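Structure record follows, encoded as structure tokens.
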């Protein structure tokens with residue numbers, strides 16, 4: 001398959017996807033008419049109106065937890081494909097993953113030294 005044929009196939013898939021989405025959207029719009037209700041736009045908690053506004057400021061400390069979660073989530077995203085090709089690559093793959101995990105461990109130690117894991 002030539003590159004031009006591959007791009008043509010990709011373009012066809014994109015057009016088909018956009019067409020499917022447009023068709024489903026038009027069917028939904030024609031079958032179900034929406035009604036504006038005042039209760040639909042009100043944020044609620046457990047069936048009752050919330051005393052706080054919907055846009056509440058969170059403490060900056062939670063962003064550190066979010067970044068640590070993303071770092072270790074990305075670690076898992078890189079470890080799954082590595083585990084698949086480990087037998088083919090052998091020692092090189094093991095050393096590469098060791099360096100990767102060492103860098104993450106240094107980040108973990110730095111976060112620990114800065115008090116990122118202390119719950120306030």
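Coordinate-derived values only; no laboratory data. All values derive from a computational prediction rather than experimental measurement. Cβ sites come from the backbone with ideal geometry, for glycine too, and all protein chains shown count toward neighbours.
Things to note:
- If the segment from residue 27 to residue 89 were pulled out straight at 0.36 nm per residue, it would be longer than the present Cα-Cα gap by 17.2 nm.
- Only helical runs count toward this figure. For the chain, summing -39,500 (n - 2.57) over DSSP H runs of n ≥ 4 and dividing by all residues gives -24000 deg cm²/dmol at 222 nm.
- For segment 59-120, the Stokes-Einstein estimate of translational diffusion at 10 °C and a viscosity of 1.306 mPa s comes to 121 µm²/s, using the Kirkwood hydrodynamic radius over alpha-carbon pairs.
- Just so you know, the Rg over Rh for the chain is 1.18, from Cα atoms, with Rh as the Kirkwood radius.
- A crude spin-label estimate for the pair residue 101 and residue 1, with each label 7 Å from Cα along the Cβ direction, gives 3.8 nm.
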